[in-house]
Each structure stands twice: as structure tokens, then as C-alpha cells.
Amino acid sequence: MREFHVIVFAIGLGLLAQEPGVEPTWLYRDVSALSERQVDLSSASCHYTPIFGEGDAQPKVPKSVTRFGELTVAPQGNCQMVQYPREEELYFVLGGSGILHYGEQSHSLSQNDFTYVPPTVRHSVSNPSNQALRIVVATARIPQDTPLSPPAELAVANLAELKEETVEGHPNSVLYKLLIGPHAAARDRMNTTYNVADFFLMDFAPGGTNLPHHHEVAEEIYLVLDGEGQMAAGGGMNGVEGLHHAKAGDAYYFRPNCTVGFYNQSASSTKAHILALRVFVPMPKNPD
């Protein structure tokens, strides 16, 4: 049955490519093959590689995600100071160490640290160490009608502080670390966001899966940190499911209502870890 689905999905992609002006329901990127682009935070020692959104070949496909990419700060390097009136930003440190400058505050960063920068706060990153600093940067739009609260004190946490847990509706073969979520909720390590629904890490057991599913009012990004398996990407929950080999360094973007899921390989003691971002997408209003 899965082979049939893959064939149908491939045909559907071919038809989609022939339709001018039709945006894809999902995007794939091999991060190792991507090139640096100049953005507002770039400098001679601060390099940004776009994965989705700003700087990418299809920047307009994400609707709420402004940018999702990798920031590399050279040893003794500095990024430009930036400030966004109606965008929120999330950082996850892939490797190295550095300093986050947050308004008049500053905080050290190390591997597996994560943090949140709300709108209106001037911020930048520097690297006083002798090794490169690598950070996943995700920026999301905040709807104009969303009221903003005064910025909170800077908070930085680390994956090691969080316990893995199951999430209702998903098998026990995948465990979650819930990093950052909405300020009106209470389940994440940081409950601070306006339009970001979830920023989390998934730990897949050998043969584990989160089962293909979809989100009606949110877009989602998966970045495979390690391991390999089969990524599910296709139509809606009852639509076509395509399976695609996924390895460390692969990234997928899923539009609302697109099938999303992951099947880890079943080899003994082979885990996989995926960093994921889910952001609400405002739905069009009914003119009637």
C-alpha cells in the first residue's frame, strides 16, 4: 500500500509542477548543500545559511515563519544587532559557545542551550571563544491584532534540564522534550510565545514513529539532527502519503493540512533526533 501511495504522490508532484502559481504543500532541503546569504544580522564574522523563509529559493511559501536557518559565528566574531517590532525569535545552539546580548542583559550560550527573544528587544550574538558557534535561528511573525506584553527577563535553558515525555495522540516510541511554547500555556520549559505553537525535540526509539498526521491551522518544520529513517510528507490526513529517505542534516517544511510524520529505522540501538518548530497560520476570513 505504501508503494502505491509513493507512486501516486510522485505523479501528483509532477502535475503540481506544471500548474503555474501553485505553491507546494511541503519543501525539502539538504542543509549541507545550502549557501550563505546576507541578512540583517550578517557581518564579516557572522554567517547565515537560510533553510526556509528569508534567503531561501522559495521564501514566500512559509506564511508565518519569517526565517528558519543556521547561524555560524566565527571565533572572536560578532553578529549585527537586530530588533523586530512584531516578530519573535527562537535560538537552539547546535555547537560551540558564545554570548547572547539581550537589551542591556547578556547570557552565555553553550551546546544544546535554547532561548526566546520577544518582539521589540534589541539583540545580537557574539563568540569570544576559539571555536565556531552554530545556532538554529527561527523567526515567526506575530499577527497585527495580537496584543503584546512587556518583554520578560532573558531566560536560557539547556536540553539536559528537561525530562523526556510522551505526548497524547502519539506512540510511546517517540519521546519529547518541550522547549518553548505559548505564553498562555504551562507545559513547556519556556511559556513565552505569541504565535509559535511549539518548539520541541523528538527522540525516536529504533523502529519508532510519531505516525503521519496533520495540523489544520499550523505550519511545521522538521530538522533531522541525527539518525535516519523515512519522512512522511504528502496530502492531508486522509490523502496521499509519500515516504522519503531522511538523514542527519535534512530539513522539511510542511504547510497546514499537509501530512507529516517520521519512521525511524529499526536497526538495534539506532535512535533519531528531530528538532521541530510549529507555528500558527492565520486562516482566511469568510467574506460571507
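For the condition in contact with a helix residue (DSSP H, G or I) (Cβ under 7 Å, 6 or more places away or on another chain) and not charged (D, E, K, R), G242 qualifies. The selection criterion, being at pLDDT 95 or above, closer than 30 Å to S149 by Cβ and hydroxyl-bearing (S, T, Y), holds for Y48. Under the condition of being in a strand (DSSP E or B) and surrounded by fewer than 18 Cβ atoms within 10 Å (Cβ to Cβ), the residues counted in the range 204-224 number 1. Residue count for the range 239-261 satisfying the condition of being more than 13 Å from L225 (Cα to Cα) and either touching a residue at least 24 places away in the same chain (Cβ under 8 Å) or in the same structural domain as D56 (by TED's automatic domain parsing) (or both): 14.
Looking at the structure I just gave you, is M283 over 17 Å from F68 (Cβ atoms), surrounded by fewer than 17 Cβ atoms within 10 Å (Cβ to Cβ) and aliphatic (A, V, I, L, M)? Yes; evaluated as a whole, the condition is true for this residue. Of the residues making up the range 117-126, not a single one is of a type in the set (A, V, I, L, M, F, W, C), within 25 Å of F204 (Cβ to Cβ) and within 17 Å of the chain's Cα centre (by Cα). Can you tell me which residues in the range 24-38 are surrounded by fewer than 18 Cβ atoms within 10 Å (Cβ to Cβ) and in contact with a helix residue (DSSP H, G or I) (Cβ under 9 Å, 6 or more places away or on another chain)? Answer for the range 24-38, where residues must be surrounded by fewer than 18 Cβ atoms within 10 Å (Cβ to Cβ) and in contact with a helix residue (DSSP H, G or I) (Cβ under 9 Å, 6 or more places away or on another chain): just P24. What are the residues in the range 142-163 that are over 30 Å from A272 (Cβ atoms), surrounded by 13 or more Cβ atoms within 10 Å (Cβ to Cβ) and of a type in the set (A, V, I, L, M, F, W, C), if any? I142, L148, L154, listed by residue number. All told, A233 falls short of being touching a Lys or Arg at 6+ places or on another chain (Cβ under 6 Å), small (G, A, S), modelled with pLDDT of 90 or more and part of a strand (DSSP E or B). Considering the range 185-226, the residues that are in contact with a Phe, Trp or Tyr (Cβ under 7 Å, 6 or more places away or on another chain) and of a type in the set (G, A, S) include one that is farthest from P256 (Cα to Cα), namely A197.
One residue is enough: does the range 116-133 have a residue meeting the conditions in contact with a helix residue (DSSP H, G or I) (Cβ under 9 Å, 6 or more places away or on another chain), within 24 Å of E219 (Cα to Cα) and not assigned by TED's automatic domain parsing to the domain that holds E220? No, every residue in the range 116-133 fails to be in contact with a helix residue (DSSP H, G or I) (Cβ under 9 Å, 6 or more places away or on another chain), within 24 Å of E219 (Cα to Cα) and not assigned by TED's automatic domain parsing to the domain that holds E220. For the range 177-202, the set of residues classified as among the polar types (S, T, N, Q) and touching a residue at least 24 places away in the same chain (Cβ under 8 Å) consists of T192, T193, N195, listed by residue number. I want to confirm something. Restricting to the range 39-80 and keeping residues that are closer than 18 Å to G95 by Cα and among the β-branched types (V, I, T), which single residue is surrounded by the most Cβ atoms within 10 Å (Cβ to Cβ)? Of everything passing the filter in the range 39-80, V73 is surrounded by the most Cβ atoms within 10 Å (Cβ to Cβ).
One residue alone among T139, T166 is surrounded by 12 or more Cβ atoms within 10 Å (Cβ to Cβ), without any contact (Cβ under 8 Å) to a residue 40 or more places away in the chain and β-branched (V, I, T), and that residue is T166. The single condition from (1) among the charged types (D, E, K, R); (2) under 21 Å from D30 (Cα atoms); (3) buried (at least 20 other Cβ atoms within 10 Å of the Cβ) that D198 fails is (2).
If you check S97, S43, S64 for being assigned by TED's automatic domain parsing to the domain that holds V121, of a type in the set (S, T, Y) and either under 20 Å from R278 (Cα atoms) or at pLDDT below 95 (or both), only one passes: S64.
The values are calculated or read from the model by the stated rules, or taken from the named source; none is laboratory data. These numbers come from a predicted model, not from an experiment. Because the Cβ atoms are built from the backbone with ideal geometry, glycine has one as well, and the counts that use them run over all protein chains shown.
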